[in-house]
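What follows is a set of notes on a single structure, which appears directly below.
The values are calculated or read from the model by the stated rules, or taken from the named source; none is laboratory data. Values in this document were obtained by computation on a predicted structure and should not be read as measured data. Cβ: placed from backbone, ideal geometry, glycine included. Neighbour counts: every protein chain shown. When the accessible area is computed, the model is the full protein with side chains, heavy atoms only, and any ligands, DNA or RNA have been set aside. Shrake-Rupley method; radii C 1.70, N 1.55, O 1.52, S 1.80 Å.
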Amino acid sequence: MFDELLKKSIANMMNGESVDDNDSVAMHKKTVEDVDFMGIEDSGQTVEDQVEILISAMNVEEKVRMLGGYKALGIHGIPRLGLPAIWCSDATSGLRCFPDGTAFPAGIAMAAAWNPVLIEQVGAAIGEEFRAKGVSIILGPGVNIYRVPTCGRNFEYMGEDPHLAGKTAAAYIRGAQASGVITTIKHFACNNSDYDRHKTDSVVDERTLREIYLPAFKMAVQEGRSKGLMTSYNPVNGIYASENRHLITEILRDEWGFDGFVLSDWNSLYSTNGPIKNGLDLEMPNGKWLNMDTIQPLLESGKIEEKDLDNILRRLLGTLFKFGVYDRPQIDTTAQFYCPEHLALAEQAALESIVLLKNERNLLPLTTDKVKNIVVMGRTAQDTPTGGGGSSYVLTENNVDILSAMGMYGTDFHLEHVPYRNHRLTAGEKVQITGADAVVLCVGFQHYEETECFDRTWKLSKKQDVLIRKVSALNPNTIVVLSTGGGVETESWIHDVPAVLHSFFLGETAGTAIAKIIFGKANPSGKLPFTMAKRWDDFASIANYVDNPGAFSFVRVAYGQGNPEKRKVWKMQYNEGLNIGYRHFDNAKIKPQFAFGHGLSYTEFEFSDASAAKTEDGITEITCTLTNTGSRTGAEVVQLYIHDVVSSLYRPEKELKGYQKVFLQVGESQQITFVIKEHDLQYFDPAENGWGAESGEFEARIGTSSRNIRAILKFQYS
Ligand code: BGC
């Protein structure tokens, strides 16, 4: 109970409730006053020249002040030079604190939609809401890989597969930046647990880093062209991310060609010299390590030169200038904020994210020919979570819960509500449940249980698993709706229920989207962006994690942050290497509860005419035809996995390298083409410190999940 109170107050603090409008982590209800628009005269100078002129006009104090955040969520302005303050805000699911905008689905749900076109629109709408309130930088999206199912921030990220996470993030970034807002892809790198995020050193070998943990960032930078990047709290291989030269200079800038700025996560610097010399540009939320008192002595001793500061400013101000941030009023009065179009898009994204995990006897959708009396119950029926907790939580007042939405869309049915207290049922409730034709049982975590700052339990909290077993024993038509940011323990109840929907955290239209799917007003088309296991230790990563992730500790959350002297850093060894998610389940031949990429539909699809061909340029093209052979309009995600038949180094059995979401009317067919590029065949060779593909035979495996492969096509690479 005490833990729960603490968790709630931490989550609320991170959400910005009851916090003064000062330099604290979370601020709320800020307003940007657009008084200091500078507007750059068209003087014929290049942007680079303008930046040089500005830097040369700045004195050392002004330069140093620029390196630390302003009022927790801003970049300092220089009134003397007409430079306005620039604002940033969380996060991937929408604008918060300026005030909060439309609450879109969480990052994990965006990945579950497997639809970059849609996510680009979502990014554009969120970007527009930022512009409407004068906020020029989005603190997101987050793409850290789902390494363990209990990571408190999995919900904010985009799943276990680097390709899916990278494509989803790149699409989001394209949309948001096209709306005039800079994205800061985060948290670079290896923040794969929030159990003790300030004190866990992620120890990862170079190949695993390159093949699993970095590709999504690379795609965000190279395909999405993100102009910002945020470092993580944790050290990586012994060096704090905020001063990790290998990550933020050698790989990010020198190899990938990143031309934006790097900011720190909030309170994650541990020295002054390290970040300045190794590639960081901005300390957030303020200049605790980067200020005149700390920098002056280093300048005097020659450890830092003024030209180091100028280089940083070239990257920081240069990016803002090039993006046009200074050359416009901060508030775009024409941009839409919290409008019907954005709500409709949020709902569409929610609908496309929902994954139908199981549907025996075609129980779903509920139609009047099948059922008349429905009981709606469970912890999340009325208190439907819209997001996980922490800095990404968008607080809206118009959330639609599952119960209300079922009332709206289920007018043809007799609905009864069994209010939630705990896992116990009264005699009267048992009669109600037994007497219903179907029960919709809503379970999940609240935002103070699944949140930034700590990890969560593998089992559903509050004995909700016990409740599921009790209800399913009373009614064989029990449909479980899961609202969690990732996978949970299901083996103890899944075999007792005929139908399960995974709804993640879907934003403010969660209830509407879920009700529409339940009543068949929409056809589910989401696919799991992670593997759901039967057993906790089916994941290889668990052996290199902690024994009891859900054990909450206030000390871990709050004590010694930012101070390496208080509580020592400890190592989290990523010994499982490449064996993350389906890569491990394939390799170890473990049957998952639900495979990566799995998701059912109310219609059926058939594959035909799968073939591989070489173009004149020697490129392999894979084609196949998909037909909707069922009785409803629907969408299927065709997934392309590559298998290297013979390799001198260990390679995962198969890896996702392409996917297409195809919408088909009843009876309609569509031909799909995948072009296989050289980098789809490559692995990172640590001996060569580079990427390469070995010539020989490969297989293109096409399917509707990582475990439902419908066609295998062999091809040669030379
Ligand atoms: C989170 C970041 C977030 C920042 C600002 C930190 O606690 O880790 O993801 O952007 O707060 O709210």
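Under the condition of being within 21 Å of residue 535 (Cα to Cα) and charged (D, E, K, R), which residue from region 572-606 is surrounded by the fewest Cβ atoms within 10 Å (Cβ to Cβ)? Selected residue: 589. Looking at region 667-683, which of its residues are out of contact with any strand residue (DSSP E or B) (no Cβ under 6 Å at 6 or more places or on another chain) and farther than 20 Å from residue 210 by Cα? Selection gives 667 alone. Evaluation of residue 344 against the conditions (1) surrounded by 19 or more Cβ atoms within 10 Å (Cβ to Cβ); (2) under 30 Å from residue 480 (Cα atoms) shows that the sole unmet condition is (1). Taken over region 119-147, the criterion of being open to solvent by less than 10 Å² (accessible area, probe 1.4 Å), more than 13 Å from the ligand (Cβ to nearest atom) and of a type in the set (A, V, I, L, M, F, W, C) is satisfied by 119, 122, 125, 126, 130, 145. Is it the case that some residue within region 199-215 is under 29 Å from residue 154 (Cβ atoms), touching a Gly at 6+ places or on another chain (Cβ under 8 Å) and assigned to a loop (DSSP other than H, G, I, E, B)? Scanning region 199-215 turns up at least one residue that is under 29 Å from residue 154 (Cβ atoms), touching a Gly at 6+ places or on another chain (Cβ under 8 Å) and assigned to a loop (DSSP other than H, G, I, E, B). The set of residues from region 236-250 being among the acidic types (Asp, Glu) and crowded, with 24+ Cβ neighbours inside 10 Å comprises just one member, 243.
For every residue, the table says whether it meets (1) in contact (Cβ under 8 Å) with a residue 40 or more places away in the chain; (2) assigned to a loop (DSSP other than H, G, I, E, B); (3) away from the ligand (no atom under 16 Å from the Cβ); (4) surrounded by fewer than 16 Cβ atoms within 10 Å (Cβ to Cβ).
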site	(1), (2), (3), (4)
258	no, yes, yes, no
277	no, no, yes, no
307	no, no, yes, yes
312	yes, no, yes, no
315	yes, no, yes, no
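Of note, residue 86 does not satisfy the criterion of being in contact with a helix residue (DSSP H, G or I) (Cβ under 9 Å, 6 or more places away or on another chain), within 16 Å of the ligand (Cβ to nearest atom) and free of Cβ contacts under 8 Å to residues at least 60 places away in the same chain. Note on region 650-718: enclosed strands (runs of 3 or more DSSP E) holding 3 or more residues that are under 20 Å from residue 599 (Cβ atoms) are 655-664, 669-676, 696-705, 708-717. In region 684-704, what residues are in contact (Cβ under 8 Å) with a residue 12 or more places away in the chain and out of contact with any strand residue (DSSP E or B) (no Cβ under 7 Å at 6 or more places or on another chain)? Answer for region 684-704, where residues must be in contact (Cβ under 8 Å) with a residue 12 or more places away in the chain and out of contact with any strand residue (DSSP E or B) (no Cβ under 7 Å at 6 or more places or on another chain): 686, 689, 694.
Okay, residues lined up against (1) more than 24 Å from residue 502 (Cβ to Cβ); (2) surrounded by 12 or more Cβ atoms within 10 Å (Cβ to Cβ); (3) at pLDDT below 95:
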| site | (1), (2), (3) |
| --- | --- |
| 608 | yes, yes, no |
| 616 | yes, no, yes |
| 630 | no, yes, no |
| 637 | no, yes, no |
| 653 | yes, yes, no |
| 659 | no, yes, no |
| 707 | no, yes, no |
| 712 | yes, yes, no |
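The number of residues in region 148-163 that are surrounded by 24 or more Cβ atoms within 10 Å (Cβ to Cβ) and either under 25 Å from residue 249 (Cα atoms) or not assigned by TED's automatic domain parsing to the domain that holds residue 252 (or both) comes to 4.
Condition check ((1) more than 24 Å from residue 31 (Cβ to Cβ); (2) among the hydroxyl-bearing types (Ser, Thr, Tyr)) across all residues:
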{"position": "328", "(1), (2)": "no, no"}
{"position": "334", "(1), (2)": "no, yes"}
{"position": "343", "(1), (2)": "no, no"}
{"position": "350", "(1), (2)": "yes, no"}
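For residue 196, indicate whether it is in contact (Cβ under 8 Å) with a residue 24 or more places away in the chain, out of contact with any His (no Cβ under 7 Å at 6 or more places or on another chain), within 15 Å of the ligand (Cβ to nearest atom) and closer than 24 Å to residue 452 by Cβ. When the stated conditions are applied, residue 196 passes them.
Within the set 344, 335, the sole residue that is part of a helix (DSSP H, G or I) and at pLDDT 95 or above turns out to be 344.
Which one is farthest from the ligand (Cβ to nearest atom), of the residues in region 71-83 that are open to solvent by 10 Å² or more (accessible area, probe 1.4 Å) and touching a helix residue (DSSP H, G or I) at 6+ places or on another chain (Cβ under 7 Å)? For region 71-83, the residue satisfying everything is 81. Scanning region 368-386 for residues being assigned to a helix (DSSP H, G or I) and without any contact (Cβ under 8 Å) to a residue 40 or more places away in the chain gives a total of 1. Taking each residue of region 442-462 that is within 16 Å of the ligand (Cβ to nearest atom) and looking for partners that are part of a strand (DSSP E or B) with beta-carbon atoms closer than 9 Å, six or more apart or interchain, yields 447/389; 448/389; 450/389; 450/444; 451/389; 452/389; 453/389.
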